[in-house]
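Let me begin by presenting the structure, written as structure tokens, before commenting on it.
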Amino acid sequence: MLPFQEQIIAELLDEPGGGLVVLSSGLSLETLVSALLRLHSPSQGTLLILSASEFQKSSVLQCLRRSPDLQSTHGALSPVPAEIPGDLPSHHRSSRYTSGAAFFVSPRILIADLLTSRCPPSALAGLIIFNAHQLADTSTESFIVRVVRSANRNAYVRAFTDSPQAMVAGFAKAERTMRWLGVRRLHLWPRFQVQVSSDLEVSPPEVVDVRVPMTGAMRGIQGAILGAMDACLKELRLTNKVDVEDLTVENGLFKSFDEIVRRQLDPIWHTLGMKTKQLVADLRTLRKLADYLVRYDAVTYLKYLDTLRVSEGVRSVWIFADSSHKIFEFAKRRVYQVVREGLKLIGGAGIGIKRKRQKGDNREESAGGSPFSKIGNGERGIDIGVVLKEVLEQAPKWRVLRELLEEIEEERQKNVFSGDAKLENSNDNSGIILVACKDERSCMQLEEFIEKGSQKVTQEEWKKYLLDKVESLGLRKKNKKMSQAPEGFGVLNAETPVGRGENTGFNSISQLENDALLTAASEIINSAEVKAVSESTSDAHAETKRHGKGKVGKGKARRCVEAVLMSGGKNKINKIMDATKSKVEVKSTLHGECGVVDVGGLEESTDDGPSSETVAHKHNLLPDQTVCSVNKPLPPVQLYALESGQNILDSLKPSVIIVYHPDVRFVREIEVYKAENPSKELKIYFLFYEDSTEAQKFEASIRRENAAFESLIRQKSLMMIPVDRDGHSFGLSATKESQSLVSQNAITRKAGGRIASEKEMQVIVDMREFMSSLPNVLHLRGMRVIPLTLEVGDYILSPSICVERKSVMDLFQSFTSGRLYNQVETMVRYYEIPVLLIEFSQDKSFSFQSASDIGGDVSPTNIISKLSLLVLHFPRLRLVWSRSVHATAEIFASLKANQDEPDETKAARVGVPSHDGIIENDARAENYNTSAIEFLRRLPGVTDSNYRALMDGCRSLAELALLPTERLAKLMGGQKAARTLREFLDAKCPTML
Amino acid sequence: SQNFSAQNRNAILVSHRQKGNPLLKHIRNVKWVFADVVCDYLLGQNSCALYISLRYHLLHPDYLYYRIRELQKNFKLRVVLCHVDVVDVAKPLLEVTRTSLLHDCTLLCGWSLEECGRYLETIKVYEKKSADSIREQMDTDYLSRLTHALTTIRHVNKTDVITLGTTFGSLSGIMDSSMEDLARCPGIGEQKVKRLYDTFHKPFRRVS
């Protein structure tokens, strides 16, 4: 452990009530927790760890398993916390709660166990709460803290978070969080804190920053994405519904942007028009696009765009914006171009692009020497036919990565020869090279790339892409008569025919393009043939490339190349050359010793254009290149996905780390790792795309974190420290108040002078409702909350009153989805007084719509109409309108006043058809794979009456997928249903791309 | 008389008590006539409504109860139409809620006279309308059904559905896919892969 980490622990232990620790991301929160766990002894009581994510759990365990650098004070083995799963039988659970060991437990389970007294609060030493930034006043964690503290004043609460940005969202978040947790101390540990930075900078690793320039097309896409984002933001501002200040493109790059927008819009979400909602969704899509641009290769990116167009096409605002048109255009250009046989470039190019790029157009005209009008062009195209030119641009980072690896290997070889000087060192150094990228997908791709080379990888993707295409285009031809739409729809045309004057010309071009794609695909299928052809033409081909100028050729392939070069292609190659040059400069300033390799790289890059044949040429023509890009030995490499969140630095002990996708958190982890192992040599390469959103995002995230800490420090200095840390005054006043109110009501409504019983009120609450804040508030009001899994309703107030709770937003949504109708239907079936509770939120207006929004006519989409219809169809349904959660609690108390208490066993059985073999118990939700069941029930042929039999007949959905029709028929009780299901499962999914 | 009521079958019958209620101005889409009815508004053969404003309730807390008692058991749908016209709603609304609920009335709240009027109109107009527009609408084409099923899994969106469909060819292909194959799909991150895989491969029942 580093000194500053020991300091944090010491400060935490200093305060018996616990505290809230906020530290910079990546500063190894898990180490702190595991240190606390080592200090825990069973004699203190049980220690429960709440709200830890899977990753956090596993890295805590990892930390503990490593040889403890803190001696366990009690001589016993350091306690490795186990899980308390929901499906554990209840008596086992309660024995664990009293065992004195440490456990991970989910808040939802713990609160249920606390409320059902399976977990005695007195047995607890304290709570460790992860992700404290996610807390809210009514969240389950604060509920737990209150319940525990009210029965056990000595229990401590130690809460941690490493997202300081989230701690400054909203008004005095930190202070309020402390109050909810009942802690008095706030510990702030930013990266810039003196001790932290001095600890981490004792022996900093050697860092090499490699700025990789993006290709022209990538820059084009990025520019267009930012343009589209800006347009969306402007549009959003125009709605006057949001505070403009936070809405910047830079913020738009972060996930938290959604939160900013949602926080502002959520209260009025149901009043927003479709367009505003779509804008919010579009911004999210655009952010993803910007992110994927630097993560995915050209072909995958194009594929993703195609998918997007199919799924979003009709609704999206941005897709029709001018700049997004460019996104598609450029993305396509990175993959292929369509070339007219008669030396004409149509390709990557709808008419739109021609119009925009006058230069390209001119050149094209002069090259072809044909003064057709644009539409004429298209029409001519049908006769002439086109050829598809593969471009298959490769991610610039790939090349740089390869060069880095080669360089590392070279150096290593040198070291081996140069003798033993570093031998001891290499004993210490694992020699492992770690490449860290964002996700598993990139990992797999990089692995393939390192193994097989870049051409192979893109070729593979391209093949897949084309094959998909063939299917969809083939399919479309069959369906031609059915719809005219597809041409402007799923197909790869950059233009949407709607509203364009050039429909005919355009359509024929896209038709040509499709034909070209089909041809290319069939060529791929007979790839052997292709190779032969390419070899025969490679001579001329290579020549063209070297001179960069067109000569009149003989072969088909040759002409294509020329066309590319003539019209815009030349430009492009120059650009690539420039780019590579600039990269050489960057690199040589860094290392000053990579001449040979880079020349190779440069030539290779000019080669990028027509790369389908490059492998073949290389052997014939460019032996030097072949050597450097194919035969050069590469060191073994470990790949690591940042998303997986495991802490592998300590287990792998790499000596070189290449950060392929930069991430602040990971950088900090490296720093900590280096500081913990000062003797180890560590070299780090950062790969950034120059001037990219990637770099911008990285820098901005550091800035944002610092700003958050500064604000927290300011807040801390002004903070009112909550005194009631023992939790005693927490609910007391509220309880008193509610009791007086309840009894007051009891007096006004006492039937026949019956004296209101003093007995504690009980409410049965569905397990799923513990996600919401109402159970918490009910408990605050002094009611006994009984958690149970309910099939019907959310709250059972009495044997006859069953309540389905809807927030306003839920209400709108579940009307739209039709779920509300079903829920009300079952409630009406099983309960005497079915209640629909419409709960408004305290901080927004108490009404659906203003009088002016109502309109002149009865419109079926209006909420009034929907509610009226519901009421007409279920005259027995009672409606309750509540101003806020707190008002709801009061209403519940009042409704219950002269009713009997609800019966747990009965409530649990309601709506569950009695069925042999199913034993209903209170942990139902935990015992079932609920999403699988929901999934199953939505499959065609599956009904309420047969899904249980299906669940009995096979273990999982994966097994179901393999069952033959006869078996299904037996389970589902009918041939027809079984056939419907089987056919749906096996139906060929139409390819939309 | 019989003739009179036949004539006004399509109109809301308004009690004479409601004379002078500004709400009447806002009933425009349906015809209404004064008549001798027990309730305030007779909306159909089996449905009726009582009107109360919260401000009035504060002055006469027992009024609503007596009106409800008058209705006896003659109607299937008994609406209490409550005009929310006070700022501090919690207490009066609680009382109105409680009274309506315990005496078999359905409470509808309107925040303006327009809104209240619209409820009356709508209930009259929709008297015989089917519930289709608030029932679950299922498109029957393949993609919608596929989307409907796959989107039960949290965070799986339409784009993902298409990606999955294209990659694996059929639903059974998707359900039988390996974690690695799922991870290869663009746009599907670690979390989604795990959720998808768990849904398909974890048993329906965790304890046998």
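Every number in this text was worked out from the coordinates using simple rules, so none of it is lab data. On a predicted model such as this, the values are computed, not experimentally measured, just so you know. Methodologically, a virtual Cβ is constructed for each residue, glycine included, from the backbone with ideal geometry; neighbour enumeration extends over all protein chains shown.
Of note:
- Of A:R883, A:R333, the sequence from fewest to most neighbouring Cβ atoms within 10 angstrom is A:R883, A:R333.
- Placing a pseudo-label 7 Å from each Cα along the Cα-to-Cβ vector at B:K73 and A:E966 gives an inter-label distance of 5.8 nm.
- Charge dipole (debye, nearest 20) of the stretch A:930-986; +1 at Cβ of Lys and Arg, -1 at Cβ of Asp and Glu: 100 debye
- Dividing the helix sum by the residues of chain B, where each DSSP H run of 4 or more adds -39500 (n - 2.57), gives a mean residue ellipticity at 222 nm of -12000 deg cm²/dmol.
- Distance between the stretch A:856-893 and the stretch A:111-144 - C-alpha centres, whole angstrom: 34 Å
- The stretch B:155-186 versus the stretch A:1-60: alpha-carbon centroid distance in Å: 39 Å
- Treating r as the C-beta distance of B:S144 and A:D810 and R0 as 30 Å, the FRET efficiency rounds to 0.85.
- Chain B: Cys lacking any partner C-beta under 4.7 angstrom: B:C82, B:C105, B:C109, B:C116, B:C185
- Paramagnetic label reach from A:F55 (point 7 Å along Cα→Cβ; backbone nitrogen cut-off under 12 Å): within the stretch B:173-190, residues B:190.
- Using the average count of surrounding beta-carbon atoms within 10 Å as a protection proxy, the listed peptides A:432-440, A:229-237 rank, highest first, as A:432-440, A:229-237.
- For A:K452 and A:E934, the difference between the fully extended length at 0.36 nm per residue and the C-alpha to C-alpha distance is 169.2 nm.
- Each Cα pair under 8 Å and six or more residues apart adds its sequence gap; the mean of these over the residue count of the stretch A:1-156 is a relative contact order of 28 percent.
- Across the stretch A:930-986, C-alpha contacts under 8 Å between residues 6 or more apart give a mean separation that, scaled by the residue count, equals a relative contact order of 38 percent.
- Least to most buried among A:S139, A:S807, A:S945 (fewest other Cβ within 10 Å first): A:S945, A:S807, A:S139
- Taking label positions 7 Å along the Cα-Cβ direction at both A:E699 and A:V207, the computed distance is 1.4 nm, reported to one decimal.
- Between the stretch A:646-692 and the stretch B:35-98, the Cα center-to-center distance that results, in Å: 70 Å
- R0 of 56 Å, Cβ-Cβ distance A:Q638-A:M274: FRET efficiency to nearest 0.05: 0.70
- The mean count of C-beta atoms from other chains within 10 Å of the C-beta of residues in A:860-868, rounded to a whole number, is 6.
- The modelled label-to-label distance for the pair A:L13/A:R829, using points 7 Å beyond Cα in the direction of Cβ, is 6.0 nm.
- Cβ crowding within 10 Å ranks A:F984, A:F55, A:F709 as A:F55, A:F984, A:F709, fewest other Cβ atoms first.
- Take each residue in B:78-90, count the other chain C-beta atoms within 10 Å of its C-beta, and the mean is 2.
- Angle in degrees between helix B:90-102 and the longest Cα principal axis of chain B, rounded to the nearest 10: 90 degrees
- The stretch A:930-986: C-alpha gyration tensor shape, a/c 1.5 cut-off, then a/b vs b/c: rounded
- Entries of A:K806/B:K73; A:K414/A:K456; A:K288/A:K464; A:K806/A:K906; A:K277/B:K31; A:K438/B:K194 with Cα pairs more than 28 Å apart: A:K806/B:K73; A:K414/A:K456; A:K277/B:K31
- Counting, for every residue in B:94-106, the Cβ atoms of other protein chains within 10 Å of its Cβ and taking the mean gives 6.
- Peptides B:41-50, B:20-29, A:689-698 ordered by average Cβ neighbours within 10 Å, highest first: B:41-50, A:689-698, B:20-29
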